[in-house]
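The block underneath contains the structure these notes are about, expressed in structure tokens.
The values are calculated or read from the model by the stated rules, or taken from the named source; none is laboratory data. Computed from a prediction, not measured in an experiment: that's the story for all the values here. Don't worry about glycine lacking a Cβ; one is built from the backbone with ideal geometry, like all the others, and counts go over all protein chains shown.
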Amino acid sequence: MAATATAPGAPTSRLGKAATELDDRLIVAGPVRRTLNKVFPDHWSFLLGEIALYCFIILLLSGTYLTFFFDATMIEVQYDGQYDPLRGTEMSGAYASALDLSFDVRGGLFMRQLHHWAALLFVASIVVHLLRIFFTGAFRRPRESNWLIGVVMLVLSLLMGVTGYSLPDDLLSGTGLRIISAILLSIPVIGTWAHFAIFNGDYVGEQIIGRFYIAHVLIFPAILLALIAVHLLILVKQKHTQFPGPGRTEHNVVGNRLFPTFAGKATGLMLVVFGVCTALAGLVQINPVWLWGPYNPAQVSAASQPDWYIGFLDGSTRIFPAWDINLPGDYTIPALFWPTVVVAGTMFTVLALYPMIERKVTKDTASHHLLQRPRDVPVRTSLGMMGLTFYFWLMVAGGNDVIADKFDISLNAMTWIGRIGVIVLPPIVYTITYRICLGLQQHDREVLEHGIETGVIRRLPHGEFIEVHQPLGPVDEHGHGQLAYGGAPVPKRMNHVGGARRAIRGFFSPIEQPSAVELEQRGEGRGLAAGEASRELTTSGRPSDGGRPSDGGRPQDARD
Amino acid sequence: MTTHDTRPGSAGGADTPGPLHGGPDEDYTPEQLAAMSREELDILGARYDGVEILHVDPGPEPGSRMEKRAVRQVGWTFAAAGISAFLFLVVYVGSGWFLPEWAWAREGTTWSALFTPLLGLFMGLAFALAGIGLVLYTKKLLPHETAVQDKHDGSHFDRVTTGATLVGGLHNSGLARRKLLTRSLGFMGAGVGLMLLAPLGGLIKNPNKGNPLGRTSWAEGVRLVRDDGTPIRPGDQQPGSLETVFPAVPGGNRQSDAATMLIRLRPEQVNADRPREGQADFGYNDYVAYSKICTHAGCPVSLYEQETSRILCPCHQSQFDVTQGAKPVFGPATRSLPQLPLDVDDEGYFVARSDYIEAVGPTYWNRERI
């Protein structure tokens, strides 16, 4: 079906002709138009997942660069690079090449720090993205599969972090590796077998850096890449969720089309993420491996800390009591097993299964495309806050030695604070969150029924003082609002409903005429300027008022 | 109704397209399309994709003061991004050429200290400004439109027809009837699956062969040496001090499970010393030696507070009391640090009387049995 040159509407420009040639071969015009026309909801919280994606791009690029110089070998060498204090020291080839790429490669240190910072932000943005999905109920049917994929990707990114952290083979990463080895050994029955399979023998052997390396640069990234592709394909197929609001239903998406608005904003965000990561990489030092020295099983430094996302496991390990379980037949379940394998395993299993658990408990099996405000689902919100408290408390416990040192508290007291807090705090937070949710819900209903508090006190003829309320919509004979709560934010201040004039544009000097803005506002029916054009009588909205007239919307000029 | 709608499969049963749905090529002749403006074609295409443009807030009026100002802002932001990128290039390429050497030096030149921060600063600025410029562009110069796209549920028609094709194919294969085939297929699948997994067996190593977990290089008569290989006499250490020692074997100071703490107790510690049962003679006069590998997670226990006789592991804060046979007194560790039996050889240097009598390092499932 070649386009005839004489057909009306045939392209005349060079670009148009080239596009026609392309479409003749690939038949892409239809899919491209569908893609360009795809509508994306316009809310900042939808960009959190994108931050993770852009961090991943940085990680792929900077990581590939690092592989040009990194040598994952545990063969001992004598360092003779640029960094003088360690010259002549015996160290593994991995550590020597990590030093070389920091000191002998132009811009190599910048790249290594970029990789580390992007990794920290990658996990952080995944976690924040997950929290947004959780607290707004975006994981509900039909999006359970994407939730599951997301949790798997979070676990993979933690594994990426752990394997990457171990690669430079400095003193800090070696200590981490030693703990990983102990955790593997602690698994009942198969622990020693698993350890020998992964380390190819007793700790530390000569294989582990090479094996972690291939897992870190090939196996995990390949799985992660495939899962990201599936995650995004499902997202496109199912379309975005959106917050409730005017015109938004379960059967549509309101927002911007991909081209050009959304593409512009997303690309802008990507560049800003690149900018933040690269600026951090250059300006803020991270993991200066040359200061830690080569790994030595007989040495360790005080205040050894893992990267932040493993901190919770370090904390749980620190505060877990010394409870070995001795079984008949001289078998032991080591205490280390519980705060590491069991705590992490349980947390991620519960997280992964949460949509199914909630579906089972609430018996809500319907498809949902409109999001919920956290206050409207107090149990879920409180559970989430409880989980977060547990997590953050473990993270705090992971730094208990630093806190004890800086604030001059007994280390043992810090351990006990960690132990007691992790049990006591989550239920307290649950209760408080639950009450806050109910309070916010109540206030929403209150405003819908009685109107916005204007802060204006009026004295009635018989001496009673009342606060003037601005109803949000039509009222019944008792002055009660008739709007139902629709799951969308309720305006709580006069400015939210246009009580103030629009600010005149211009930062240092006005760039538009104040009078023109005034006129425009009257025309648009916005704010007080509009109110002056058409006065109408409404009630104060107070139930006891019984439909008494008041001057809603224009509290400053007393009517009588 | 268009010809499109009458074709089965084009619309799908319950999921009837909205009235906005346009038509395919049959509905719009090239002449009709040629007569439409670009805006109309855009809206037509969008409708065909289930998208309706509700509202367009046009960008600033061309030639207006606001437009000029926005163009200036965006333009300067992009220009600044470009300048930053070139500055990055200048620092990266120019260091060691017309700028001072970037490489680290012991005395620390100013430029080598600035090199990496400057790279980050300029690349960060370049990217961030480019991004900010783009966001300003979309916010200040592009029209703001609000669009609505229909969200379709699954189509009943699609389900029924796809199901028919699938079930039809399965039916034609006759697998439900031909039991021999299903069984042999299952058998084959299991075999091939196991065959593919089998090479992973190369990873498996028996941890119980030769007791690698329960043994170290320590043995009868092996000298205790410092990190630099020098042997130790009983008089070398001050009371109350600790020294990390290694077995005098090749590479002993790099072995992960051999590191040992040689501690000389103070007189009052000697008086208070209550060794573990059966290990009363493991020390040598006022000397005791304990494994440095924590019994919790294997970190080296390094911090010795001699007033309280406690050894602290910096990883998870387990504390061991050296006057009670290195028993754990606080924290997550459950077992005492293993004690090395000490002696002195003919030349007066410390030696081990034997290997540790139990496995050093973290606990594992069958530790007690080895």
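The criterion of at least 3 residues that are under 30 Å from A:PRO41 (Cβ atoms) is met, among helices (runs of 4 or more DSSP H) falling completely within segment A:186-241, by A:220-238. Restricting attention to segment B:120-161, the residues being within 32 Å of the chain's Cα centre (by Cα) and assigned to a loop (DSSP other than H, G, I, E, B) number 0.
Here A:PHE508 passes the criteria (1) of a type in the set (Phe, Trp, Tyr); (2) under 30 Å from A:TYR309 (Cβ atoms); (3) in a loop (DSSP other than H, G, I, E, B) except the one numbered (2). Of all residues assigned to segment B:107-130, at least one qualifies as being touching a Gly at 6+ places or on another chain (Cβ under 8 Å), within 28 Å of B:PRO62 (Cβ to Cβ) and modelled with pLDDT of 90 or more. Restricting to segment A:327-344, and then to whatever is more than 8 Å from every other protein chain (Cβ to nearest Cβ) and buried (at least 23 other Cβ atoms within 10 Å of the Cβ), can you tell me which residue is nearest to B:ARG367 (Cα to Cα)? By that ranking, first place goes to A:PHE337.
Looking only at residues in segment B:29-76 that are closer than 24 Å to A:PHE40 by Cβ and of a type in the set (Gly, Ala, Ser), the one that is modelled with the lowest pLDDT is B:GLY59.
All conditions but one from (1) within 11 Å of chain B (Cβ to nearest Cβ); (2) crowded, with 18+ Cβ neighbours inside 10 Å apply to A:PHE243; the one that does not is (1).
Tally the residues that are more than 7 Å from chain B (Cβ to nearest Cβ) and in a helix (DSSP H, G or I), restricting the search to segment A:169-182. Outline the logic, then answer.
So the first thing to find is which residues in segment A:169-182 are more than 7 Å from chain B (Cβ to nearest Cβ), and the list is A:169-174, A:176-177, A:180.
Narrowing further to those that are in a helix (DSSP H, G or I): A:171-174, A:176-177, A:180.
Residues in segment A:169-182 being more than 7 Å from chain B (Cβ to nearest Cβ) and in a helix (DSSP H, G or I): 7 in total.
Residues that are within 10 Å of chain A (Cβ to nearest Cβ) and surrounded by 10 or more Cβ atoms within 10 Å (Cβ to Cβ) were ranked within segment B:193-205; the one that is farthest from the chain's Cα centre (by Cα) is B:LYS205. Tallying residues that are facing chain A (nearest Cβ under 7 Å) and either of a type in the set (Val, Ile, Thr) or over 35 Å from the mean Cα position of the chain (by Cα) (or both) within segment B:107-119 yields 1. Contact map, segment B:141-161: residues that are within 13 Å of chain A (Cβ to nearest Cβ) and free of Cβ contacts under 8 Å to residues at least 40 places away in the same chain paired with residues that are of a type outside the set (A, V, I, L, M) and assigned to a loop (DSSP other than H, G, I, E, B), Cβ distance under 7 Å, separation 6+ or inter-chain. Pairs shown: B:LYS151/A:LYS239; B:LYS151/A:HIS251; B:LYS151/A:HIS369.
Do you know which residues across segment A:246-264 are facing chain B (nearest Cβ under 9 Å), assigned to a helix (DSSP H, G or I) and either out of contact with any strand residue (DSSP E or B) (no Cβ under 9 Å at 6 or more places or on another chain) or free of Cβ contacts under 8 Å to residues at least 40 places away in the same chain (or both)? If you could, list the steps in order and put the result at the bottom.
To start, the set of residues in segment A:246-264 that are facing chain B (nearest Cβ under 9 Å) comprises A:247-257, A:260-264.
Still in the list and also assigned to a helix (DSSP H, G or I): A:260-264.
Within segment A:246-264, A:PRO260, A:THR261, A:ALA263, A:GLY264 meet the criteria.
Quick one: is B:VAL90 among the β-branched types (Val, Ile, Thr) and either away from chain A (no Cβ under 14 Å) or touching a strand residue (DSSP E or B) at 6+ places or on another chain (Cβ under 8 Å) (or both)?
Values: among the β-branched types (Val, Ile, Thr): yes; either away from chain A (no Cβ under 14 Å) or touching a strand residue (DSSP E or B) at 6+ places or on another chain (Cβ under 8 Å) (or both): yes.
In short, yes.
Scanning segment B:74-92 for residues that are among the aromatic types (Phe, Trp, Tyr) and in contact (Cβ under 8 Å) with a residue 24 or more places away in the chain, we see that the one that is nearest to A:GLY107 (Cα to Cα) is B:TYR92. The criterion of at least 3 residues that are more than 25 Å from B:GLN317 (Cα to Cα) is met, among helices (runs of 4 or more DSSP H) falling completely within segment A:370-457, by A:378-398, A:411-450. None of A:LEU383, A:LEU394, A:LEU448, A:LEU460 is out of contact with any helix residue (DSSP H, G or I) (no Cβ under 8 Å at 6 or more places or on another chain) and either among the hydroxyl-bearing types (Ser, Thr, Tyr) or surrounded by 19 or more Cβ atoms within 10 Å (Cβ to Cβ) (or both) except A:LEU448. When B:ASN208 is tested against (1) surrounded by 12 or more Cβ atoms within 10 Å (Cβ to Cβ); (2) at pLDDT 95 or above; (3) among the polar types (S, T, N, Q), only condition (2) is not met.
Report whether or not A:GLY268 is in contact with an Asp or Glu (Cβ under 7 Å, 6 or more places away or on another chain), crowded, with 20+ Cβ neighbours inside 10 Å and within 12 Å of another protein chain (Cβ to nearest Cβ). First the steps, then the outcome.
On the way: in contact with an Asp or Glu (Cβ under 7 Å, 6 or more places away or on another chain): no; crowded, with 20+ Cβ neighbours inside 10 Å: yes; within 12 Å of another protein chain (Cβ to nearest Cβ): yes.
Spelling it out, it is not the case that A:GLY268 is in contact with an Asp or Glu (Cβ under 7 Å, 6 or more places away or on another chain), crowded, with 20+ Cβ neighbours inside 10 Å and within 12 Å of another protein chain (Cβ to nearest Cβ).
Got a number for residues in segment A:265-315 being in a helix (DSSP H, G or I), under 30 Å from A:TRP338 (Cβ atoms) and not acidic (Asp, Glu)?
Keep residues of segment A:265-315 that are in a helix (DSSP H, G or I), which gives A:265-283, A:289-292, A:308-315.
Among the residues that remain, those that are also under 30 Å from A:TRP338 (Cβ atoms) are: A:292, A:308-315.
Keeping just the survivors that are not acidic (Asp, Glu) gives A:292, A:308-313, A:315.
Counting residues in segment A:265-315 that are in a helix (DSSP H, G or I), under 30 Å from A:TRP338 (Cβ atoms) and not acidic (Asp, Glu) gives 8.
Residues that are assigned to a loop (DSSP other than H, G, I, E, B) and without any contact (Cβ under 8 Å) to a residue 24 or more places away in the chain within segment B:292-338 comprise B:CYS299, B:SER302, B:GLU307, B:THR308, B:CYS313, B:PRO314, B:CYS315, B:HIS316, B:GLN317, listed in sequence order. For segment A:408-427, residues that are touching a residue at least 24 places away in the same chain (Cβ under 8 Å), surrounded by fewer than 15 Cβ atoms within 10 Å (Cβ to Cβ) and among the β-branched types (Val, Ile, Thr) total 0.
Looking only at residues in segment B:302-319 that are more than 32 Å from the chain's Cα centre (by Cα) and either modelled with pLDDT of 95 or more or within 12 Å of chain A (Cβ to nearest Cβ) (or both), the one that is farthest from B:THR260 (Cα to Cα) is B:THR308. Filtering segment B:34-64 to residues that are buried (at least 16 other Cβ atoms within 10 Å of the Cβ), of a type in the set (A, V, I, L, M, F, W, C), part of a helix (DSSP H, G or I) and within 9 Å of another protein chain (Cβ to nearest Cβ) leaves only B:ALA46.
Among residues of segment A:316-341 that are free of Cβ contacts under 8 Å to residues at least 40 places away in the same chain, those with a Cβ under 7 angstrom from a residue that is basic (Lys, Arg), sequence gap 6+ or separate chain, pair up as A:ASP330/B:ARG369; A:THR332/B:ARG367.
Name the one entry in A:ASP364, A:ASP307, A:ASP324 that is within 10 Å of chain B (Cβ to nearest Cβ) and of a type in the set (Asp, Glu). First the steps, then the outcome.
Values: A:ASP364 fails: within 10 Å of chain B (Cβ to nearest Cβ); A:ASP307 fails: within 10 Å of chain B (Cβ to nearest Cβ).
The conditions single out A:ASP324.
When the residues of segment A:102-130 are filtered to those that are closer than 20 Å to A:LEU291 by Cβ and of a type in the set (S, T, N, Q), which remaining residue is farthest from the chain's Cα centre (by Cα)? That would be A:SER102.
Where residues in segment B:353-367 are of a type in the set (S, T, N, Q) and in contact with a Ser or Thr (Cβ under 8 Å, 6 or more places away or on another chain), which of them is nearest to the other protein chains (Cβ to nearest Cβ)?
Initially, segment B:353-367 is screened for residues of a type in the set (S, T, N, Q), giving B:354, B:363, B:366.
Next, only the ones that are in contact with a Ser or Thr (Cβ under 8 Å, 6 or more places away or on another chain) stay: B:363, B:366.
Working: B:THR363: 4, B:ASN366: 6 Å.
Here the answer is B:THR363.
Taking segment A:64-81, which residues are farther than 11 Å from A:ALA96 by Cα and surrounded by 17 or more Cβ atoms within 10 Å (Cβ to Cβ)? Give the derivation first.
Step one: filter segment A:64-81 for residues farther than 11 Å from A:ALA96 by Cα, giving A:64-68.
Hits for segment A:64-81 are A:TYR65, A:LEU66.
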